Amino acid sequence: MAQEYFKAAWEAYVDKPKFPEWMRSRYPEALKNFEENSDLLSTPFDVHETLVDILHFKSLDLDANLT
């Protein structure tokens, strides 16, 4: 019983996040980058930059219009 619990908890921990379909269609490049980088080592600087990007999430709309 305990082994099954820990196995399920571990699988939930390592499972990649699931994003809503509207987010996938509106920000495909951002989500592609997120999924590619999710397995890489992160530093506190990386976490800070990610949080800044999340705060200014609308700026991704401008990036999409440039390409």
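What to note about this one:
- Contacts under 9 angstrom Cβ, first residue in the range 29-50 being in contact (Cβ under 8 Å) with a residue 24 or more places away in the chain, partner surrounded by 11 or more Cβ atoms within 10 Å (Cβ to Cβ) and part of a helix (DSSP H, G or I), 6 or more apart: Glu29/Leu60; Glu29/Asp63; Glu29/Ala64; Ala30/Met23; Ala30/Asp53; Ala30/Leu60; Ala30/Asp63; Ala30/Ala64
- Of the residues making up the range 14-29, those that are modelled with pLDDT of 75 or more and either assigned to a helix (DSSP H, G or I) or of a type in the set (Gly, Ala, Ser) (or both) number 8.
- Options Glu35, Glu11, Glu49, Glu4; residue that is of a type outside the set (Gly, Ala, Ser), loosely packed, with under 10 Cβ neighbours inside 10 Å and either touching a Ser or Thr at 6+ places or on another chain (Cβ under 8 Å) or modelled with pLDDT of 75 or more (or both): Glu4
The values are calculated or read from the model by the stated rules, or taken from the named source; none is laboratory data. Owing to the predicted nature of the structure, the values given are computational and were not obtained by experimental measurement. No Cβ is skipped: glycine too gets one built from the backbone with ideal geometry, and neighbour counts run over all protein chains shown.
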